[in-house]
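Engineer: What follows is a single structure, and I will ask about it in a moment.
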Amino acid sequence: MVCTRKTKTLVSTCVILSGMTNIICLLYVGWVTNYIASVYVRGQEPAPDKKLEEDKGDTLKIIERLDHLENVIKQHIQEAPAKPEEAEAEPFTDSSLFAHWGQELSPEGRRMALKQFQYYGYNAYLSDRLPLDRPLPDLRPSGCRNLSFPDSLPEVSIVFIFVNEALSVLLRSIHSAIERTPPHLLKEIILVDDNSSNEELKEKLTEYVDKVNGQKPGFIKVVRHSKQEGLIRSRVSGWRVATAPVVALFDAHVEFNVGWAEPVLTRIKENRKRVISPSFDNIKYDNFEIEEYPLAAQGFDWELWCRYLNPPKAWWKLENSTAPIRSPALIGCFIVDRQYFQEIGLLDEGMEVYGGENVELGIRVWQCGGSVEVLPCSRIAHIERAHKPYTEDLTAHVRRNALRVAEVWMDEFKSHVYMAWNIPQEVESPHGDGFLGVWWGKKQANKKTNIRLNSSSHGSTRVLFTKLEQTLNPNPLHVEERGLMTRH
């Protein structure tokens, strides 16, 4: 309907403008003709006063006709105006934000929502209008509700990393952690601000923190970076401030579900070398509805990008949906014994932004005698953004990090990583510090080599890969031909 109305108006306007153009052309031709006649034909004769008066009269008539045409155009436009809703809605029609949400918004509301969506990568406009303590569906397997846990469990420090997060999303993450973690288990919350420019994350966030700390002094700690360090180094910053025996490292756009903490802390108490990931559900970026994700292990492809995997057949044979799912890697957010994390070298702070660090950590944990588990009874909802607003292109960072992991940990398998990224392995930097000199340096190499030497008693990478595939999948993949732990 909008397109039809605009087409009619456009055609009418074109007809009127065409008429004006013809009049102007005729006027110009007439003027040129009169000029030539007066100069070259009767150039020596003075123009009679009567003729001048006639010319003036003709000119005034033409001006009047032009004024009339202008009035007609104005009247035509005013008689058939497009509805404000239709006129304003058109710029938003191709945005994914409004595919399943926002049809009832006014043009101004849509404009505001779209602006925030472009800035954050999710519907911050809607988030600002949702309660911080909104209820979540309990998506745990039914058997989780019947489990019992020890009375004495270690405390946990929850670390949230953010840069230019929507304040309401950050506060909902904090609020859900407080409300759905038993008070005797949650020692503190640590907020790591990776140099946000968003003003409301300064004054308004400080007001919220002061209010909470007024009731429980020192409960929320804030770390602010003077420059952007990226997700990886920010997590290490949070770990350094944490004081609880267990540290949970999370993005700042999550919502904790009921009973998430007890299964995690129980598994770590039983064995401090377990690194735990919760099972993730999705917070839809457009309407903030909770989408249940199926239970999955967490692995990676040869680009060393994390992937969700079907749980191994050994897990299915248990016929126990509450059982931990052993995993080769981590998707990103995880919980770890604070001291054990230090013993295995934390995260590689030589990496940039994010990507590859979770795969590297998974490989390192398995190499150093630990294990990685996903717990079906610990569920956390996470916003998957429609786009990443904080960086123009992650590809360069992910590639750099992946090749860094390959050089340190993957031995003869590193060639698969180079091939996956379509990079010739033999190309070296003229400075002798690795491919193009961007992901390899002697200082980092020595540090990581020392960590690897400390864990080398647990076998080579080939032994590790074979163990992982035999343990996590009864039908081992051919790692020489395919990516480790990719889907069948």
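Engineer: Relative contact order (percent) for the range 178-290, with alpha-carbon contacts under 8 angstrom and 6 or more residues of separation?
Structural biologist: In percent, rounded to a whole number, it is 30.
Engineer: Additional query: Beyond 24 Å between alpha-carbons counts as too far, so tell me which of LYS216/LYS284; LYS187/LYS273; LYS227/LYS414; LYS313/LYS414; LYS115/LYS388 fall in that bin.
Structural biologist: Over 24 Å Cα-Cα: LYS216/LYS284; LYS227/LYS414; LYS313/LYS414.
Engineer: To check my understanding: the extent here is largest minus smallest coordinate of the Cα atoms along each principal axis. What are those three numbers for the range 114-185, in Å, largest first?
Structural biologist: Dimensions of the range 114-185 along the principal axes of its Cα atoms: 48, 27, 17 Å.
Engineer: Could you work out how much longer the chain between GLU200 and HIS225 gets when fully extended? Use 0.36 nm per residue separation minus the Cα distance between them, nm to one decimal.
Structural biologist: 7.4 nm
Engineer: Once amide H atoms are placed 1.01 Å from N in the peptide plane, what residues at a sequence separation of 5 or more from GLY356, or on another chain, have their amide H within under 5 Å of its amide H?
Structural biologist: CYS306
Engineer: Which net charge results for the neighbourhood of TYR293, defined as the other residues with beta-carbon distances under 11 angstrom from its beta-carbon, given Lys and Arg at +1 and Asp and Glu at -1? Walk me through the numbers on the way to the answer.
Structural biologist: On the way: positive: ARG379; negative: ASP281, GLU291, GLU292, GLU384.
Here the count lands on -3.
Engineer: Sticking with this one: Put a dot 7 Å past each Cα toward the Cβ at ASN287 and ASN146; how far apart are the dots in nm?
Structural biologist: Using points 7 Å along Cα→Cβ, the separation is 3.5 nm.
Engineer: Ranked highest first by the average count of other Cβ atoms within 10 Å around their residues, in what order do 160-166, 171-177, 292-298 fall?
Structural biologist: The peptides rank, most packed first, as 160-166, 171-177, 292-298.
Engineer: Next question. Decide, for the range 176-246, between rounded, prolate and oblate: order the square roots of the alpha carbon gyration tensor eigenvalues as a ≥ b ≥ c, take rounded if a/c falls under 1.5, and otherwise choose prolate if a/b is larger than b/c, else oblate. List each step's numbers first, then the result.
Structural biologist: On the way: a/c = 2.25, a/b = 1.26, b/c = 1.79.
Since a/c reaches 1.5 but b/c is at least a/b, the shape of the range 176-246 is classed as oblate.
Engineer: Any chance you could run the full-extension gain for SER106 through GLN118? It's 0.36 nm times the residue separation minus the Cα-Cα distance, nm to one decimal.
Structural biologist: 2.5 nm
Engineer: Ranking request for peptides 183-190, 100-107: highest mean number of other beta-carbon atoms within 10 Å first, then the rest in descending order.
Structural biologist: By packing density, highest mean first, the sequence is 183-190, 100-107.
Engineer: Then there's this: For the peptides 355-366, 406-417, what is the packing order when you average, over each peptide's residues, the other Cβ atoms within 10 Å and list the highest mean first?
Structural biologist: The packing order, highest mean first, is 355-366, 406-417.
Engineer: Can you list residues whose amide H is under 5 Å from TYR285's amide H, if they're 5+ apart or on another chain and H is modeled 1.01 Å from N?
Structural biologist: HN-HN under 5 Å from TYR285: GLU384.
Engineer: For the range 131-147 and the range 273-342, what is the separation of their Cα centres, given in Å?
Structural biologist: 17 Å
Engineer: Here's another thing I want to ask about it. So which chymotrypsin sites (Phe, Trp or Tyr not before Pro) in the range 325-361 end up in coil per DSSP with only 10 or fewer other C-beta atoms within 10 Å? Please report the intermediate quantities before stating the final value.
Structural biologist: Numbers: sites: PHE334, TYR340, PHE341, TYR354; in loops: TYR354.
Filter output for the range 325-361: empty list.
Engineer: Further question on the same structure: Which length gain, in nm to one decimal place, applies between GLU270 and ARG240 when the Cα-Cα distance is subtracted from 0.36 nm times their residue separation?
Structural biologist: 8.4 nm
Each value in this text was obtained by applying a stated rule to the coordinates, not by laboratory testing. Computed from a predicted structure; not experimentally measured. Backbone-built Cβ (ideal geometry, glycine too); neighbour counts: all protein chains shown.
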